[in-house]
Amino acid sequence: MDANPKLVVLSEQLRGQAFELTEDRYTIGRSDDTDICIVDPTVSGLHCELLRNEDGSYTAVDEEYSTNGTRVNGAVISRQSLVNSDILQVGGVECMYDFEQDTPSSVISTQTQITIEEEVIQANPRTNLAPEQLQSKDDNPVVKLAFKILIGVLALVVLGLSFYLIVKIAEG
């Protein structure tokens, strides 16, 4: 393996900031005491750790350190080995784990590109970042139509009540 792994921040405020990983252990959090300090209100003081594996890659560990949880490719984790191009989400901040080696990526190709310092990095495709248990599996058009009708009826009721109250106050 030629290069050390890196953690590249993809989220807006810190986009492009890269942390080269050379040590056996890193702490990640909002606190100045952490090895990788990410100043963001969604990041806990000590949010998670990265631990080096024997092959030089890293495992993300969040054993109830954080308030907002740690995710890898959208899934909440307590301990997860990272492979090249995984998205590590620390609170609301997304970072790409960059480690070119012979292991395959755990993600599928993408249609999105992010350019950082003249280098194009392929980002992971995301259609729904919600945890699987919160994603809707029901694409039934009848259910969608019924839901839209219900919302419309509720909106009309609210408007009618508002008009009625305005009239009563004006009379009163």
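The values are calculated or read from the model by the stated rules, or taken from the named source; none is laboratory data. What you see is a predicted model, and the numbers here were worked out from it, not measured in a lab. All Cβ positions, glycine included, derive from the backbone under ideal geometry; neighbour counts span all protein chains shown. These area figures cover heavy atoms from the full protein model, side chains too; ligands, DNA and RNA do not enter into them. Shrake-Rupley method; radii C 1.70, N 1.55, O 1.52, S 1.80 Å.
The table that follows gives values for the structure above.
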| quantity | calculated |
| --- | --- |
| For region 1-88, with +1 on Lys and Arg beta carbons and -1 on Asp and Glu, the positive-most of 53, 28, 70 along the dipole | 70 |
| Residue order for 162, 85 - accessible surface, 1.4 angstrom probe, largest first | 162, 85 |
